[in-house]
1. Can you give the extra length, in nm with one decimal, that the chain gains between Y19 and R377 once fully stretched, where that is 0.36 nm per residue apart less the Cα-Cα distance?
2. How would K315, K87 line up by accessible area, probe 1.4 Å, largest first?
3. Need the full-extension length gain, T28 to D184, defined as separation in residues times 0.36 nm minus the C-alpha distance. One decimal, nm.
4. Percent of accessible area on the chain owned by carbon and sulfur, 1.4 Å probe?
5. Would you pull out the residues with amide H under 5 Å of I306's amide H, same chain only if 5 or more places away, H placed 1.01 Å from N?
6. Out of V269, N14, T150, whose Cα points farthest toward the positive end of the dipole of the chain (charges: +1 Lys, Arg; -1 Asp, Glu; placed on Cβ)?
7. Report, as a whole number in µm² per second, the diffusion coefficient that Stokes-Einstein gives for segment 308-412 at 25 °C and 0.890 mPa s using the Kirkwood radius over alpha carbon pairs.
8. Running a GNM on the chain with Cα contacts under 10 Å, which residue among L21, L288, L88 ends up with the highest mean-square fluctuation?
Amino acid sequence: MTHGILSEILDYANRANPYPLYEELRKTPVFHDGSGPYVISTYYEIQSLLHDPRLSSDTRNLAATAGDPLAEGGEEEAAALPPSFLKLDPPEHDRLRRMANRPFGPPHSPRRVDGMRDDLRSIVTGLIDNLGDPERIDLVDQFAYPFPVTMICRLLGVPREDEPRFHTWADTLAASLDPDPDADPAERQRKTHDSRMELGMYLAGLIEERRKQPGDDMLSQLAVGHEQDESMSTMELLSTAALLLIAGHETTVNLITNGMLTLLRNPDVLERLSRDPALAAPLVEELLRFEPPVQLLPQRTPLVDIEVRGVTIPKGSSMWLILASGNRDPQRFENPDRFDPDRADIQHLGLGSGIHSCFGAPLARLEAQIALTELARRLRNPRLLEDPPPYRQNAVLRGPRHLRIACDEVRA
């Protein structure tokens, strides 16, 4: 198991501020303590590796001796659902991602995301209208979680009232991404397997309904298939639907919550946003750099021996790419620890890069822009009730579990 700086990064005690640890890590751009994963923490190296075809995302390519706490039991998933395209390499990855993209974006559905603006606004307005007591708001439970969940349900065609059922499965599957050294691997494997199985069975029922009575939602379009020569098998469809349902809200919750936390710590920027909605687009890009919702990509492995910064990383080794560290690399960004929405050059790693760059990026960006703009405009004199807030256990999908705030009033 990992020790030293890696176990500090995974240690919950450092969840609220892992950035000093990343700074320490960057002194050794390719960090390896002899037994654990090879950890890459600098911007240019991460960026280059994300585009390197010699790097695999498929855990089946990991050597048995890779010694990665996250790789334990990648195989058991096969019994429940096959790996989603997130964990596959070309050509399988490209085929599945291309089919998933048809009902979601260009070139087949170019206006799908932009056409959601009114829907997004009405969900945001409804949630802010119902915040209740302005002295006691939990921004996660009352806003940042229900907003993207409602939207992804609408987009996929999953009944919103089923959310309590898939919430539990989603929590378990999100936790399975996290290298938790204290968890019992066998127990964790069993829970992950059961959750994937139950989620798969639930989605299979929905897909069966859509095949009989298609709607204009994504599940219907995926289930019916567009071109006879290219359609997903039932199992591929299930693992793709599961991925879209979970990834479609998990990261956006963090983006909105980290965003509001950052704005409350930078009241001048919050004030600017309340007056100038045009600030939202550059502000969200800077947020994706400054507090990315996915902090690290822990499942990569070289298909051949590769050299990074003079270090040879053997074929089959486990590699972690620390996106959040690359985003604060002073070799790439000036004053990287400063939150600056006016930053001119902002090619961050917050949504990944290369063939596995975030599938839902256009929607996540739009959701965060609308959410933060409306919160800034409608909450009068908002303030944090605890700082730092309590964080989720997860080191990969890092974000506050609760964000308790108060304000003078919720404007109409």
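The values are calculated or read from the model by the stated rules, or taken from the named source; none is laboratory data. Note that the structure is a prediction, hence the values are computed from the model and not measured. Cβ placement follows ideal geometry from the backbone for every residue including glycine, while neighbour counts extend to all protein chains displayed. These accessible areas exclude ligands, DNA and RNA; they are computed on the full protein's heavy atoms, side chains included. Shrake-Rupley method; radii C 1.70, N 1.55, O 1.52, S 1.80 Å.
1. Working: separation 358, 0.36 × 358 = 128.88 nm, distance 3.01 nm.
Length gained between Y19 and R377: 125.9 nm.
2. Working: K315 135, K87 40 Å².
From most accessible down to least: K315, K87.
3. On the way: separation 156, 0.36 × 156 = 56.16 nm, distance 3.06 nm.
Taking T28 through D184 to full extension adds about 53.1 nm, to one decimal.
4. Numbers: 8710 of 17460 Å².
Taking all protein chains in place, the chain shows 50 percent carbon and sulfur surface.
5. So I306 has HN proximity to I313, K315.
6. Value computed over the given set: V269.
7. On the way: Rh = 17.5 Å.
Estimated via Stokes-Einstein, D reaches 140 µm²/s.
8. Comparing L21, L288, L88 in a Gaussian network model of the chain, the most mobile one is L21.
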